[in-house]
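Here is the structure we will look at.
The values are calculated or read from the model by the stated rules, or taken from the named source; none is laboratory data. All figures in this text were calculated on a predicted structure; none of them were measured in a lab. Here Cβ is always computed from backbone atoms with ideal geometry, including for glycine, and neighbour counts include all displayed protein chains. Ligands, DNA and RNA are stripped out before the accessible areas are found, and what is left, the full protein with its side chains, is counted by its heavy atoms. Shrake-Rupley method; radii C 1.70, N 1.55, O 1.52, S 1.80 Å.
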Amino acid sequence: YPSTTGTAVSFSADGYYEYAQYSFVSNATDPTCITGYMLWSHGTYANAANGSMFFVPNGDGYQQVQKTCAAVSNFIENNNDTIVVDWWNIKEDVEFGYVLTMQKFDGTYWAPFKQYSTTPNMLPTHKLRNVTLGRMSPSGFALRRRAVARGSWASRWR
């Protein structure tokens, strides 16, 4: 696992994206009971006339969840939610160079992303695994369909 949390996104000129996120959620009641998330997805992106952007996944993304104090402490589920970015902007910052700012569907913002590379750094753009939609338990049984639009994606603009 990565040594720190963070998110990353790559965009190609021909309309493909890839994102990854590694994060922790604390538990104020018991600080030793943290939850860790690793998310990954890729697919196509499109810009709408109103300035919004849509990330449409290929259908083979996943999320791994580890809960240190839960009965089932490690499971993997599919992560194939279309993400809506209501507004985005790229500006040049004196200190950091090019910075990408994106507003989430609920009006909040992701942390600004510094440009990591001018060329996309991503896996092949075609589907990489065959999946059945739904959450997968460690034994492989589909449990439920996930809700649309989750937050905190970023970019190779880190």
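Along its principal axes, what span do the Cα atoms of segment 57-123 show, with the longest given first and each in whole Å?
49, 29, 27
Under 18 Å Cα-Cα from K127, which aspartates and glutamates qualify once same-chain neighbours fewer than 8 residues away are excluded?
Excluding near neighbours in sequence, the set is D14, E18, D60, E77, D81.
Using the Karplus equation 6.51 cos²θ - 1.76 cosθ + 1.60 (θ = phi - 60°), what ³J(HN,Hα) coupling, rounded to whole Hz, does each residue of segment 90-103 give in order, writing x for Gly and Pro?
Once rounded to whole Hz, the list reads 10, 10, 9, 9, 4, 8, 9, x, 6, 10, 9, 10, 10, 9.
Please report, as a whole percent, how much of the solvent-accessible surface of segment 1-81 comes from carbon and sulfur atoms (probe radius 1.4 Å).
56 percent
Give me the log10 of I(q) over I(0) for segment 1-126 at q = 0.14, 0.20, 0.21 Å⁻¹, as the Debye formula computes it from C-alpha points; what are the numbers?
The Debye formula, applied to the Cα set alone, gives -0.72, -1.26, -1.33.
If R0 is 30 Å, what FRET efficiency do you get for S3 and A48 from their C-beta distance, rounded to 0.05?
With a Förster radius of 30 Å, E is 0.20.
Find the accessible area per residue for segment 11-51; the probe is 1.4 Å, ligands and nucleic acids are left out, and the unit is Å².
Numbers: 2180 Å² over 41 residues.
For segment 11-51, the per-residue accessible area is 53 Å².
Working out 0.36 nm times the residue gap between T82 and D14, then minus their Cα-Cα distance, what length gain in nm do you get to one decimal?
Extending this stretch completely gives an extra 22.6 nm.
Would you tell me the accessible area of F96, worked out with a 1.4 angstrom probe on the heavy atoms of the protein chains, in Å² to the nearest 10?
100 Å²
Starting from the Cα of K91, draw a straight line to each of the lysines and keep only those under 30 Å, dropping any in the same chain fewer than 8 residues away.
K104, K114
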